[in-house]
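The values are calculated or read from the model by the stated rules, or taken from the named source; none is laboratory data. Keep in mind the model is a prediction, meaning the values are calculated, not measured. Don't worry about glycine lacking a Cβ; one is built from the backbone with ideal geometry, like all the others, and counts go over all protein chains shown.
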Amino acid sequence: MTTLLVKHAELLATMDDHRREIPDGGLFVKDGFIAQVGPTPELPLTADEIVDASGHIILPGLVNTHHHFYQTLTRAIPAAQNANLFNWLKTLYPIWARMNPEDIRISTQTALAELALSGCTTASDHLYLFPNGSSLDDEIEASREIGIRLHASRGSMSLGESKGGLPPDSVVDSEDKILADSERLINRYHQPEAGAMIQIVLAPCSPFSVTGELMKESAALARKYGVHLHTHLAETQDEEEFCLQKFGYRPVAYMQSVNWVGNDVWYAHSVHVSQEEIAVYAREGCGVAHCPSSNMRLASGIAPLQRYIKAGVKVGLGVDGSASNDGSHMLAEVRQAMLLARLKAGLDGASLSSTGGEILTARQALELGTRGGAAVLGRKDIGSLEVGKCADFIGFNLNRLEFSGALHDPLAALVFCQPVGVDFNYVHGKVVVKDRQLLGLDLDRHVRRHNQAALRLMQV
Ligand SMILES: [Zn+2]
């Protein structure tokens, strides 16, 4: 057995059911799981490893519920900078079609490095193109060197342009091949147990890139093995029109028609939904990956976050793919969620008061980024710092320029002030970031390789 003692945190925010915030707090960890959490004087005095967190605030690691790691190779591409979703996709599909397995590995590590340094301890990724021999295995193997948890979504596209879909035929696959590979990946990698580092998710890309048949078959396969389902839904007005024309349903009704509602399903975005559709999510247990930066970047609209929360819908945060953000800063996304919800409240004429009223608070935004994300991914073992849960935690030194003058409320300062990187990041009791440095990767060398790969993709 290995033990870890974390002591003397200026403040330890548990995000537990009582939202305990413990001054001079700490954790005692056995084999990656939290054995004790409380004020430092109540914890054991020794352990195999001791972390003195004086001057730091500690909170549960952030959970990212939507990303496309490979898109780190195509950030800020001039032709896609000012496009809406459908035009943005049509510009990028041919570039993505040039990727190879090494590109998948390099971009995975770039995204995971950014995520780890900005406080993420569990990341979901959605990979839906497998050109030139690449596979989800490339992503999973590359993720191990970084050391954060991965929910790797086996994405898919089967509805090419010739059949009325959006993507060119060159980037879609046959449905038999998609389903066989999905089953192979589940058998090879999926860990159902508490503390899992890798989980597999089945994730047909979006209503406009797969058939209803593949949606149904994927749902049946996922349920046979008890893995979760993920897709893009109700992201834009264009998608809504596509669904009405092609299927005769609005996006949420289309999901119901292909057995894609339930506790094991979460959707990215869900910007354009009615109150009745929100009620469907709440009743069926569907989760939402809210991606505020991406929705702003692509001018997709503003998701009704407060209405989701009020209705009891599970909501987590996602940075979304790096071609529509164009970064993977998890703490920044928490801040963006708070600010965008406030903008929407203002636009909707919500009643605001000095005590908050209908304003999303910094603590609520952090909840979305921690326990909210865990609920969306179906994880009961992460998202808060409690006995029995995984020792996934992050720390920020409060004595830095960005927090200067904000220590009246250090937890809120993390969200209100300029987003910063973590000083340390532990996943399952193991250090991933120490003294603001990522331990698993030589970043200077990696960035050079990543830039070379990105340049090569642009050469026709
Ligand atoms: Zn996405």
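Note down all Cβ pairs under 9 Å where the first residue falls in region 324-335 and is under 17 Å from Arg363 (Cβ atoms), the second is modelled with pLDDT of 95 or more and aromatic (Phe, Trp, Tyr), and they're at least six residues apart or on different chains.
Leu331/Phe396; Arg335/Phe416
Kindly evaluate Ser257 against the criterion of being away from the ligand (no atom under 16 Å from the Cβ), hydroxyl-bearing (Ser, Thr, Tyr) and at pLDDT below 95.
So Ser257 fails the test.
If we scan region 180-191, do we find a residue that is surrounded by fewer than 24 Cβ atoms within 10 Å (Cβ to Cβ), outside any strand (DSSP E or B) and aromatic (Phe, Trp, Tyr)?
Yes, region 180-191 contains a residue that is surrounded by fewer than 24 Cβ atoms within 10 Å (Cβ to Cβ), outside any strand (DSSP E or B) and aromatic (Phe, Trp, Tyr).
How about region 406-429: which of its residues are in contact with an Asp or Glu (Cβ under 9 Å, 6 or more places away or on another chain) and among the acidic types (Asp, Glu)?
Selection gives Asp423 alone.
Applying the selection to region 116-160, what residues are within 15 Å of the ligand (Cβ to nearest atom), under 12 Å from the mean Cα position of the chain (by Cα) and not acidic (Asp, Glu)?
If the condition is that a residue be within 15 Å of the ligand (Cβ to nearest atom), under 12 Å from the mean Cα position of the chain (by Cα) and not acidic (Asp, Glu), then Ala123, Ser124, His126, His151, Ala152, Ser153 are the ones that fit.
Hey, could you check region 36-70 for residues that are surrounded by fewer than 24 Cβ atoms within 10 Å (Cβ to Cβ) and part of a helix (DSSP H, G or I) and say which is farthest from the ligand (Cβ to nearest atom)?
Only one residue fits best here, namely Pro41.
Taking Ala196 as meeting all but one of (1) crowded, with 23+ Cβ neighbours inside 10 Å; (2) in a loop (DSSP other than H, G, I, E, B); (3) modelled with pLDDT of 95 or more, write down the number of the exception.
(1)
Starting from residues that are aliphatic (A, V, I, L, M) and crowded, with 21+ Cβ neighbours inside 10 Å, keep the ones in region 288-308 and report whichever is nearest to the ligand (Cβ to nearest atom).
Checking each candidate, the answer is Ala289.
Looking at region 260-287 only, could you name the residues that are within 16 Å of the ligand (Cβ to nearest atom) and either in a loop (DSSP other than H, G, I, E, B) or touching a Cys at 6+ places or on another chain (Cβ under 7 Å) (or both)?
Once the filter is applied, which keeps residues that are within 16 Å of the ligand (Cβ to nearest atom) and either in a loop (DSSP other than H, G, I, E, B) or touching a Cys at 6+ places or on another chain (Cβ under 7 Å) (or both), region 260-287 yields Val265, Trp266, Tyr267, Ala268, His269, Ser270, Val271, His272.
Among what's in region 388-405 and is part of a loop (DSSP other than H, G, I, E, B) and out of contact with any helix residue (DSSP H, G or I) (no Cβ under 8 Å at 6 or more places or on another chain), pick the residue that is nearest to Leu11 (Cα to Cα).
Residue satisfying both the conditions and the ranking: Asn399.
Only residues in region 230-249 that are at positive phi count as the first member; pair them with residues that are in a loop (DSSP other than H, G, I, E, B) and within 16 Å of the ligand (Cβ to nearest atom), Cβ under 7 angstrom, at least 6 apart or cross-chain, and list the lot.
The qualifying pairs are Ala234/Ser270; Ala234/Val271; Ala234/His272.
From the residues in region 76-110 that are within 15 Å of the ligand (Cβ to nearest atom), surrounded by 17 or more Cβ atoms within 10 Å (Cβ to Cβ) and not small (Gly, Ala, Ser), which one is farthest from Phe130 (Cα to Cα)?
Leu85
Against the condition buried (at least 24 other Cβ atoms within 10 Å of the Cβ) and either charged (D, E, K, R) or assigned to a strand (DSSP E or B) (or both), how does Leu73 come out, does it pass?
When the stated conditions are applied, Leu73 does not pass them.
One line per residue, one yes/no per condition, for (1) surrounded by fewer than 23 Cβ atoms within 10 Å (Cβ to Cβ); (2) closer than 23 Å to Asp125 by Cβ:
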| site | (1), (2) |
| --- | --- |
| Ser328 | no, yes |
| Ala337 | no, yes |
| Ala365 | no, yes |
| Asp381 | yes, yes |
| Ala413 | yes, no |
